[in-house]
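Participant: The structure under discussion is supplied below as structure tokens; questions concerning it will follow.
The values are calculated or read from the model by the stated rules, or taken from the named source; none is laboratory data. In this text the structure is predicted, and so the values were computed from the model without any measurement. As a convention, Cβ positions derive from the backbone with ideal geometry for all residues, glycine included, and neighbour counts pool all protein chains shown. In case anyone asks, the SASA skips ligands and DNA or RNA and just uses the protein heavy atoms, side chains included. Shrake-Rupley method; radii C 1.70, N 1.55, O 1.52, S 1.80 Å.
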Amino acid sequence: MVERSGPEAGLSGSTPVAAAPLVAVDAVSKVFAGHGGGAETRALDDVSLEIRANEFFTLLGPSGCGKTTLLRLVAGFEHPTAGTIRLDGTDILPLPPHRRPVNTVFQSYALFPHLTVAENVAFGLERLGRPAAEVKDRVAAMIALVRLGGLERRKPAQLSGGQQQRVAFARALAPAPRLLLLDEPLSALDLKLRREMQGELKRLQRETGVTFVLVTHDQEEALAMSDRIAVMRAGKVLQLGAPAEIYDRPATRFVADFIGEANIVAGARVGSPAPFVAIRPERTTIAPAGAAGLAATVTAVTFLGSDTLYDMELAGGGAMRARLREPVPGLAPGASVTAGWPADAARPVAEDP
Amino acid sequence: MSAALAPAITPAPAAPTAPGLAARTVTLLVPAVAVIVLFMVVPMLIAAGYSFLTAGAYGGVRLPLTADAYVRFLFDRDLDDSLIFDTTYIGIFARSFVLAVLTTLFCVAIGLPLAWFIACRERRARDALLLAITIPFWTNLLVRTYCWVLILRDQGLLNGALQASGLTSAPITFLYSNEAILLGLVYSFLPFMVLPIYAVVEKIDPRLIEAGHDLYAGRLAVFRHIVWPLARPGIAAGTLLVFVPALGAFLAPDLLGGGKKLMIGSLIQLQFTSSRNWPFGAAAAMILMALVLVGLVVMARRRGAGAPR
């Protein structure tokens, strides 16, 4: 049985970062059987990664990359085809979901419609058999933490989307889980509310000191909130690192393209030993035709206010985009130019596995 | 009815005033009220009227007006024409009530897990199972109840199987008992419990179940704290649909009870057929209806009181 931390641990907020990983996912694969004799789907393919205590960890990737499957494996809703998952050094795969000290914030919140806000938040604590007085205190603390004071007696249907979201956080944080899993928690909110809740999530993570694992397909969200990001595609982790690291030194072609924007050029064309090089549009330069670089033709000019975008077609095929602070006077579609970049801007990237 | 509808289709003023609107609302209600009056209130008034008349010698009713039928329900007339308290009919009502309650309980006990099981299947299996639930409706209830006679009688399928397997040496008498009636009632009314519960539990978001497991609830706790409360409206609807008709059922007690274990339904039916005492039949029907109404009002009050919690 996994040790469950007391409720105080959840609010300490100043726990030192442990050296040993909190979660160790080791060589995990998940294959879903095909429907009616159809082909089986390999949702996860030999994934290994470690999540440290107290960090904000993000699984980032397009839909169908296996990030939600990995989350459901950790929560216990699915069982891996191969591999092990350890929490605090203990294998948690034999444990059913209700015995894992892990809580989930669901994409659609999944609040219990027949229970009030306070009863929803108390649900986990009551199932754990905590004394009534402790449950009451803890529920009050959680509702204050997510700033829902005064709404304790409302039913979920009487709350706005943002308020329901906060109840979902409070409910999942109330039992002081070792790990909080968040399955695209902000995707149902409109843009303005989403930005607001991003800051709110960071605050909750800081104040509770609970380890957060976020699943998202929104790279901006991932960059803004995470301590570390695992970029996933087709059931594999392509790169794992801090946001700046992933942005500055993408490991593969897909990562370079998915995180921010990137011009991908075959390495052979620019004298690089790597299969490809990636150049960010903001580091791409435009010089008069004949200069050192790649010969190109301007195809479109887009004025964005602070920046101007120049779309170019390379002479040897392929497209390139430059994002310039200062527009080049008189440069219009059809003009012949040379696309260039500073030497340190061209990042070598590998082909995707 | 066309005359009643005519005012409704006359052109309305550009901006209907409040009294004009009220008049139109009343007019539009007329067809619905007419149907209720014609098919519900009038027949019940007839039955209520019959219950206060005197029985005709060969069935039917005649004057004078009398409350004899209601008196007969509680008292028997002695040889010297004095009234003595008689519990025969109260006993029949009590047996009916107990059987109807048991029928409802069994239907919930079987129907809730069954509805939940069906709701958890994949779409195709779900449709097939629902179809299987409704198939009995395609055959007459009389035929289906008689099939139970064939199964349960001394030389029936069940006794045959028991004796062939060597479990018993002589036939066991299953028929003509309260248990046989109960079996027939549960069998007849189970679909009326399963379908409303299914309609409710089918809409329960499976993520709520996952959320329950995620928040440290085992299977039993999930059922008790999530499935049960969310299924309650369906159970309430099913209880109404099962309890009320079970209280007035007469086929099962007639065939499976052998007409010896009377229920209210069979008592009423007898008064209009072989006993030829229409006023007493009508009075029994009125008393049954009054009891059901009181029960419903109490239930509605309790649900109304429980709602704002």
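Participant: Would you be able to tell me the number of residues in region A:304-318 that are open to solvent by 40 Å² or more (accessible area, probe 1.4 Å) and either modelled with pLDDT of 90 or more or touching a helix residue (DSSP H, G or I) at 6+ places or on another chain (Cβ under 8 Å) (or both)?
Facilitator: 2
Participant: Would you check which residues across region A:112-122 are open to solvent by less than 10 Å² (accessible area, probe 1.4 Å) and at the interface with chain B (Cβ under 7 Å from one of its Cβ atoms) and list them?
Facilitator: Within region A:112-122, A:Phe112 is the sole residue that qualifies.
Condition check ((1) open to solvent by 40 Å² or more (accessible area, probe 1.4 Å); (2) away from chain B (no Cβ under 13 Å)) across all residues:
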{"residue": "A:Gly124", "(1), (2)": "no, no"}
{"residue": "A:Asp137", "(1), (2)": "yes, yes"}
{"residue": "A:Ala140", "(1), (2)": "yes, yes"}
{"residue": "A:Leu145", "(1), (2)": "no, yes"}
{"residue": "A:Leu151", "(1), (2)": "no, yes"}
{"residue": "A:Lys155", "(1), (2)": "yes, no"}
{"residue": "A:Leu159", "(1), (2)": "no, yes"}
{"residue": "A:Gly162", "(1), (2)": "no, yes"}
{"residue": "A:Gln165", "(1), (2)": "no, yes"}
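Participant: For region B:135-189, which residues satisfy the criterion of being open to solvent by 50 Å² or more (accessible area, probe 1.4 Å), over 28 Å from B:Gly238 (Cα atoms) and among the β-branched types (Val, Ile, Thr)?
Facilitator: B:Ile172, B:Thr173
Participant: Give all pairs with beta carbons closer than 7 Å in which a residue from region A:203-216 that is under 12 Å from A:Ala53 (Cβ atoms) and buried (at least 22 other Cβ atoms within 10 Å of the Cβ) meets a residue that is modelled with pLDDT of 90 or more and among the acidic types (Asp, Glu); count only pairs at least 6 apart in sequence or on separate chains.
Facilitator: Sorted first by the residue in region A:203-216, then by its partner, the pairs are A:Thr211/A:Glu55.
Participant: Filter region B:207-232 down to the residues that are open to solvent by less than 40 Å² (accessible area, probe 1.4 Å) and more than 8 Å from chain A (Cβ to nearest Cβ), then identify the one that is farthest from A:Glu78 (Cα to Cα).
Facilitator: Among them, the one singled out is B:Ala231.
Participant: Right, another one. Mind listing whichever residues of region A:26-65 are open to solvent by less than 10 Å² (accessible area, probe 1.4 Å) and farther than 30 Å from A:Glu207 by Cα?
Facilitator: A:Val28, A:Leu44, A:Val47, A:Cys65
Participant: Is region A:104-111 home to any residue that is within 14 Å of another protein chain (Cβ to nearest Cβ), under 22 Å from A:Met197 (Cβ atoms) and surrounded by fewer than 18 Cβ atoms within 10 Å (Cβ to Cβ)?
Facilitator: Within region A:104-111, one or more residues are within 14 Å of another protein chain (Cβ to nearest Cβ), under 22 Å from A:Met197 (Cβ atoms) and surrounded by fewer than 18 Cβ atoms within 10 Å (Cβ to Cβ).
Participant: Additional query: For residues that are over 22 Å from the mean Cα position of the chain (by Cα) and among the charged types (D, E, K, R), scanning just region B:148-203, find the one that is nearest to B:Met263 (Cα to Cα).
Facilitator: Checked region B:148-203; the qualifying residue nearest to B:Met263 (Cα to Cα) is B:Arg153.
Participant: Quick test of your reading of the structure: A:Gly293 fulfils all but one of (1) open to solvent by less than 70 Å² (accessible area, probe 1.4 Å); (2) within 30 Å of A:Glu221 (Cα to Cα). Name the failing condition by number.
Facilitator: (2)
Participant: Give the number of residues within region A:181-194 that are open to solvent by less than 10 Å² (accessible area, probe 1.4 Å) and within 11 Å of another protein chain (Cβ to nearest Cβ).
Facilitator: Looking only at that region, the number is 1.
Participant: Take residues that are under 30 Å from A:Val213 (Cα atoms) and of a type in the set (Gly, Ala, Ser) and tell me which of the strands (runs of 3 or more DSSP E) falling wholly in region A:240-353 contain 1 or more.
Facilitator: A:276-279
Participant: What about A:Thr104, is it free of Cβ contacts under 8 Å to residues at least 60 places away in the same chain and of a type in the set (Ser, Thr, Tyr)?
Facilitator: It is false that A:Thr104 is free of Cβ contacts under 8 Å to residues at least 60 places away in the same chain and of a type in the set (Ser, Thr, Tyr).
Participant: Sticking with this one: Residues to consider are A:Ile246, A:Ile279, A:Ile286; find the one that is surrounded by 19 or more Cβ atoms within 10 Å (Cβ to Cβ), assigned by TED's automatic domain parsing to the domain that holds A:His217, in contact with a strand residue (DSSP E or B) (Cβ under 6 Å, 6 or more places away or on another chain) and of a type outside the set (Phe, Trp, Tyr).
Facilitator: Of A:Ile246, A:Ile279, A:Ile286, the one residue that is surrounded by 19 or more Cβ atoms within 10 Å (Cβ to Cβ), assigned by TED's automatic domain parsing to the domain that holds A:His217, in contact with a strand residue (DSSP E or B) (Cβ under 6 Å, 6 or more places away or on another chain) and of a type outside the set (Phe, Trp, Tyr) is A:Ile246.
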